[in-house]
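Read the figures in this text as sums done on the coordinates, not as results from a lab. Fair warning: this is a prediction, and the values are worked out from it, not measured in the lab. Note that each Cβ is placed from the backbone with ideal geometry, even for glycine, and that neighbours are counted across all protein chains shown.
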Amino acid sequence: MYREIFEEIKKYDNIVIARHIGVDPDALASQMALRETIKLTFPNKNVYAVGNGSSKFNYFPKLDHMPDHLDGLLLIVDTPDKKRVDLQDISTFAKTIKIDHHPWLETFCDMEYIDDKASSASEIILDLINNTDLLMNEEIAGYLFMGIVSDTNRFLFSTTSKTLSLVANLLSQYQLDLPVLYENIFLRPLKEVRLQGYIEQNMIVSPNGLASIIITNQVINEYGVDSGSAGNLVNNLNSISEVLVWVMVSEDVKNGLYKFNIRSRGPIVNTVAEKYNGGGHKYAAGARVKTMEEVERVLGDLDQLCHDYLNSEV
């Protein structure tokens, strides 16, 4: 389908690129790389990368302000369902295309390319460029490398031989400053390191192997971080032998939500996340609820999931 996507890009003078709410490095990397490769290949097109950004990811370029009443082509990356698109109305566009690596949840675009074996949306955009006449340069290569490295957590998760081959070819063609790119993604301020210590001291581990902690707004303020920073620390709990599933719940007072970041070493967690306004991959998912009662229900479901998984292994 790469050729069909390229032909649609050729047709339209106005192109908007969106991605999911609650931005992360892969979403931004795939979005920025797609914007820059289209602009490089077709300098006369108007290309806008839109959505709410985050100062945490200021190593990416600024997002665009989309003009009112813009039609044309809408490309949506790294987003499995319509409700999570960071764009108010997608119905005004002449053509919509989804490019995603999450398991299918719903069809909401005219064309949809889904590869849930891909490590990241950035891997798919890299493959799209390699298999069409879209152009690449060192800047675009750097964005894609950061997106892949981030979503695989340094190639620990969701990494296939294709992922490694694509990255190897990328590194052979472009002189990327790898220490700087890794620092962009993984260098953390001291306040987040101190919060990590709080999490490790206060998390609860159930007999079934569910590790969880609720980061309240009081704790967030005490450590001087934001709810997004707190949730992003979930990957640091991936090497505890007694734990099957680990969960970070962050209170987001501004939006009136509790945000779940969920990871797993066996139980399939995205099915639980989908019940609570979320979704994701089999072993990495997220959810959003509004009340503490709902938080307890999600944690209860995840603990039951661990219990069932342990019993199935007997």
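General observations
- Cβ charges +1 (Lys, Arg) and -1 (Asp, Glu), total dipole of the range 190-313, debye: 320
- Taking other Cβ atoms within 10 Å as a rough exposure proxy, 13, 86, 26 sort from fewest to most as 13, 86, 26.
- About its Cα centre, the chain has a charge dipole of approximately 260 debye under the convention of +1 per Lys or Arg Cβ and -1 per Asp or Glu Cβ, with nothing else charged.
- Of the residues 245, 40, 104, the one whose Cα sits farthest toward the positive end of the charge dipole of the chain, with +1 on the Cβ of Lys and Arg and -1 on the Cβ of Asp and Glu, is 40.
- Lys pairs under 14 Å by Cα in the range 2-186, provided they are eight or more residues apart or on distinct chains: 9
- Here the gap between residue 113 and residue 190, fully extended at 0.36 nm per residue and compared with their Cα-Cα distance, gives a gain of 23.7 nm.
- A Cβ-based charge dipole, computed about the Cα centre of the range 111-158 with Lys and Arg at +1 and Asp and Glu at -1, lands at about 200 debye.
- Per-pair calculated FRET efficiency, R0 = 41 Å: residue 55 and residue 297 via Cβ, rounded to 0.05: 0.80
- Multiplying the residue separation of residue 177 and residue 160 by 0.36 nm and subtracting their alpha-carbon distance yields 3.8 nm.
- Identified option (computed Rg and Dmax of the Cα atoms in Å; candidates (i) 22.4, 72; (ii) 19.7, 62; (iii) 19.3, 67): (ii)
- Note, ³J(HN,Hα) from phi for the range 24-41, Karplus 6.51, -1.76, 1.60, rounded to Hz, x at Gly and Pro: 9, x, 5, 4, 5, 4, 5, 5, 5, 4, 5, 4, 6, 5, 5, 5, 5, 7
- Per-residue Cβ neighbour rank within 10 angstrom, fewest leading, 165, 119, 158: 165, 158, 119
- Between residue 90 and residue 135, the modelled label-to-label distance comes to 3.0 nm, taking each label 7 Å out from Cα in the direction of the beta carbon.
- Cα shape, the range 190-313, gyration tensor, a/c 1.5 rule: oblate
- Cα-Cα P(r), the range 41-191, percent of pairs per 5 Å interval: 2, 8, 16, 20, 20, 19, 10, 5, 1, 0
- Relative contact order of the chain, pairs being alpha-carbon contacts under 8 Å that are 6 or more residues apart, as %: 12
- R0 of 30 Å, Cβ-Cβ distance residue 13-residue 168: FRET efficiency to nearest 0.05: 0.25
- Farthest positive-ward along the range 190-313 dipole, Cα basis, beta-carbon charges - from 216, 233, 204: 233
- Taking every C-alpha pair closer than 8 Å and separated by at least 6 residues, the mean separation divided by the residue count of the range 196-314 gives a relative contact order of 21 percent.
- Here the sum of -39500 (n - 2.57) over DSSP H runs of 4 or more residues, divided by the residues of the chain, equals -12500 deg cm²/dmol at 222 nm, to the nearest 500.
- In order through the range 194-209: 3J(HN,Hα) via Karplus (6.51 cos²θ - 1.76 cosθ + 1.60), integer Hz, x for Gly, Pro: 5, 4, 4, x, 4, 4, 5, 7, 10, 5, 9, 10, 7, x, 8, x
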